[in-house]
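Participant: Quick one: the structure is below, and I'll ask about it shortly.
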Amino acid sequence: MRYRIAISIAAIIGWYAPASAQTPTAPAARASYPAAFFADIQAQNALDMLVRVPGFTLVASENLRGFGDAAGNVLINGARPATKDVPLAEVLRRIPARTVERIDLLDGAATGLQGGGSRLVANVILKASTGSSGTLRLRGQTTQGDRFGPSAAGSWKGSIGGAALSASLEGGVDSLMLLSGQQRLVDNAGTVIEAGPLIDRRRNTNYAGSFSIAGPVAGISTTLATSLRSGAFGRSYRFNAFPAGAAVSARTQIESDDYPSRSAELSLELKRPIGRGEAKLIGLQTWTNNNGASLAGAEFPSGTVSSSRFTSNDNQSESILRATWAPRWPKLAVDAAIEGVRTTLVASTAFVQIDNSGTTPLDAGRTRVAETRGSAALSATWSGIAKVSIEGTVAVEVSRITLTEPLQSANTYRFFKPRVVVTWNPTSRTTLSLRAERKVGQLDFGDFVGAQQVADGSATQTNSRLQPSQTDGLRLTAERRWGARGSVSVTFVGERLTNVIDVVPVGDGQGVGNLPSASSFGVDLLATVPLGFALRGAELTIDAAWRKTSVRDPFNGMARPLQGAEFADTTISYRHIVNPRITYGGSFSYAPPDRIFRSQLLSEFKRAPDFSIYGEWNIGRTTKLRLEVNQLFGRRVDRALTRYNGLRGIVPINSIEFRDRTNSRAFALQIEKTF
């Protein structure tokens, strides 16, 4: 199977700017949580604080080309962190809690282009301090089979000679998994053909460093930053196949994946007040290299070896220049932005057969694709009617995508992206919001690259006519808050999708392409429920989603769900703050089925509900010890791979391969300290 693990580093800039740098007419907060609000947990960093904000869920920035469309739902001192590749969670972990003055919860509409269209946006306000501070984090995790993964991270910020400096280092094992169980192959009558034990080991490592410097230059607030990241994903899988009724294994099935990656980013941010607002110029340059090798095959008792291997080498670069201006009046806020992006990808792939006689090349390819894209956006939020705010956004985008290898083609796309949000606050604790918008997805350049999935034997071809998808959506949200922490919001969602990215017939095979249309509707629930009436210091958090999607299958003409999981995991979390020193809790999560549709294959992944528990102990005011037990009872992660004798859903089933696996219990010990 072809994996694209994009692990990269970008500079974190702008998070140390003093709170006084904000525009005086910044959006009014729906709710404000001062540092004292989080005293009961003795938070170590801004992330600890943010997860305690009632009715808020962190939405990570999307990994899209360009900067404007890749926003998350967190601002630092009223501005987005000027980085694409560092996860928002990591940005927040590097901010010591002692440097946070408060967290404001804003209506997304009031933040204009900054909030990226999110319904709620958290604005982390930092103290105006020139002192130095930092964070340290040591973590160790282990699973069955004596597998151990250590990691460490540290960050520092301070000032020298009037310039603000920040630096960070991190490295180690991000994730560690051990799945074991049984694999079965049955025919179309349900008769077991073969079965046997399997074991699947996975590990992801990450090493990164960053440095930034900021200060006034000729009256302009200037930030320059650079950073590097290196990571690797590895997987090894073995299955001993016993024919039905046999006591001796007929073969050992093996699979392996090795995907190292490297990346770098250089960023420059310039900003200064102009008129009634702040003008900002951001330049970003990123470089990413992803290598990969996937192997699948078999070893027989006779010594015969038969396998296939797919390798890839991708080099992608992106140059971004973005200019914004955000003037403010008492009842009107305006955001304007223009952006230019140049993205290039050069990818080489090879597919070979390996047996006892050696290596036989079967296919090799090279893809070269480039995009030049320009966009402009204007947003205005008006609050001239009591208890009502109206936000309107219009954006236009023009892009030209050129493919020079293996095909020669050039396509120009033009899109109009409007958004209207009406928010009514009949009381200070009740909010109704109606949002109508059109979104245009950004193409993943990796979709242009033909690939061979060695694990299931399917392949995709290059498609030069690939277009971005568009979504017209309508969302209605009702929210109610009570007490100091109580909050519940329900959102009804309806969407119509066009030019849907999916797998379609291409030439005499299949490839990533577009389907004419699809539909999606459902509901989201987000609630924080204090349980103080039964147990002081306890609360329940619910983050749930449900979607029903439908699309016309391009191979058999039947209705089916969209590729992949239809909605995000549902998580119910419990937390009990016994006292300022001791906290414990746990979580329950449910993941929807994940389906992959190919011309002659159907893969369906099902994960059982997961239970995890944790305990936290505060040692003094600057150190926290955390113990976690994840997959408390083990977690089933099953896969059913159905093969057909021809087109899926039209001809009879040939066979079904079941992988019944359990993700083993994992323990983690973490120590955090601020200084």
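The values are calculated or read from the model by the stated rules, or taken from the named source; none is laboratory data. Please read these numbers as outputs of a predicted model, since none were measured by experiment. Cβ coordinates were reconstructed from backbone atoms using ideal geometry, including for glycine residues, and neighbour counts include every protein chain displayed. We work out accessible area using only protein heavy atoms, side chains counted, and drop any ligands, DNA or RNA first. Shrake-Rupley method; radii C 1.70, N 1.55, O 1.52, S 1.80 Å.
Participant: At a Förster radius of 41 Å, what calculated FRET efficiency corresponds to the Cβ-Cβ distance of Leu138 and Leu531, to the nearest 0.05? It would help to have the intermediate numbers written out before the result.
Facilitator: Numbers: r = 32 Å, r/R0 = 0.79.
Once rounded, the FRET efficiency stands at 0.80.
Participant: Over the chain, give the accessible area per residue in Å² for a 1.4 Å probe, as an integer.
Facilitator: Details: 29020 Å² over 675 residues.
It amounts to 43 Å² per residue over the chain.
Participant: Tell me the Kirkwood hydrodynamic radius of the stretch 222-338 in angstroms, computed as one over the mean inverse distance between distinct C-alpha pairs.
Facilitator: Details: mean 1/r = 0.0517 Å⁻¹.
Over the stretch 222-338, the inverse of the mean reciprocal pair distance is 19.3 Å.
Participant: Explain nothing, just compute: Karplus ³J(HN,Hα) = 6.51 cos²θ - 1.76 cosθ + 1.60, θ = phi - 60°, for every residue of the stretch 280-294 in order, whole Hz, x for Gly and Pro.
Facilitator: 9, 10, 10, x, 10, 10, 10, 10, 9, 10, 10, 9, x, 8, 10
Participant: Hey, another quick one. Tell me which of Leu647, Ile193, Leu270 sits at the most positive position along the dipole axis of the chain, charges placed on C-beta atoms (Lys, Arg +1; Asp, Glu -1).
Facilitator: Highest projection toward the positive end goes to Leu270.
Participant: Starting from the Cα-Cα distance between Leu647 and Ala246, subtract it from 0.36 nm times their residue separation and give me the gain in nm to one decimal. Mind dumping the intermediate values first?
Facilitator: On the way: separation 401, 0.36 × 401 = 144.36 nm, distance 3.30 nm.
141.1 nm is the gain from fully extending Leu647 to Ala246.
Participant: State to the nearest 20 debye the size of the charge dipole of the stretch 360-492 about its Cα centre, where the only charges are +1 on K and R beta carbons and -1 on D and E beta carbons. Don't skip to the answer; put the middle values down first.
Facilitator: Details: 17 positive and 11 negative charges, 156 e Å.
So the dipole magnitude of the stretch 360-492 works out to roughly 740 debye.
Participant: On to the next question. So if the hydrodynamic radius of the chain is defined as the Kirkwood radius over C-alpha pairs, what does Stokes-Einstein give as its diffusion coefficient at 25 °C and 0.890 mPa s, in µm² per second?
Facilitator: On the way: Rh = 27.1 Å.
Result for D is 91 µm²/s.
Participant: How far apart, in nanometres, would the label points at Leu332 and Ser175 be if each is projected 7 angstrom from Cα along the Cα-to-Cβ direction?
Facilitator: 4.8 nm
Participant: How high is the relative contact order of the chain? Use alpha-carbon pairs under 8 Å, at least six apart in sequence, and give a whole percent. Please list the in-between numbers first.
Facilitator: Working: 1999 pairs, mean separation 72.5, N = 675.
Taking the mean separation of contacting Cα pairs over the length of the chain, I get 11 percent.
Participant: Sticking with this one: Got a number for carbon plus sulfur as a percent of the chain's accessible area, 1.4 Å probe? Don't jump to the answer; show the numbers that get you there.
Facilitator: On the way: 17400 of 29020 Å².
Heavy-atom surface of the chain belonging to carbon and sulfur, 1.4 Å probe: 60 percent.
Participant: Length gain on complete extension for the stretch Arg342 to Leu407, per 0.36 nm per residue less the alpha carbon to alpha carbon distance?
Facilitator: Working: separation 65, 0.36 × 65 = 23.40 nm, distance 2.01 nm.
Residue separation times 0.36 nm, minus the Cα-Cα distance, leaves 21.4 nm.
Participant: Same structure, new question: List every residue whose amide H lies under 5 Å from the amide H of Trp482, counting only residues 5 or more places away in sequence or on a different chain, with H placed 1.01 Å from N in the peptide plane.
Facilitator: Ser487
Participant: Given points 7 Å out from each Cα along the Cα-Cβ axis, report the Ser236 to Ala436 separation in nanometres with one decimal.
Facilitator: If labels sit at Ser236 and Ala436, their model points lie 5.8 nm apart.
Participant: Using 0.36 nm per residue of separation minus the Cα-Cα distance, give me the extension gain between Asn315 and Lys606 in nm, one decimal. Let's see the in-between values first.
Facilitator: On the way: separation 291, 0.36 × 291 = 104.76 nm, distance 3.36 nm.
Gain on stretching Asn315 to Lys606: 101.4 nm.
Participant: To the nearest 10 square angstrom, what accessible area does Ser357 show with a 1.4 Å probe?
Facilitator: Probe radius 1.4 Å; accessible area of Ser357 about 110 Å².
Participant: About the Cα centre of the stretch 461-620, what is the dipole size in debye to 20, counting +1 per Lys and Arg Cβ and -1 per Asp and Glu Cβ, all else neutral? Intermediate results must be reported in sequence, preceding the final value.
Facilitator: Numbers: 17 positive and 15 negative charges, 65 e Å.
It works out to roughly 320 debye.
Participant: Taking 7 Å along the Cα-to-C-beta vector as the label spot, tell me the Asp472-Gln353 distance in nanometres, rounded to one decimal.
Facilitator: Going from the Asp472 label point to the Gln353 one covers 5.0 nm.
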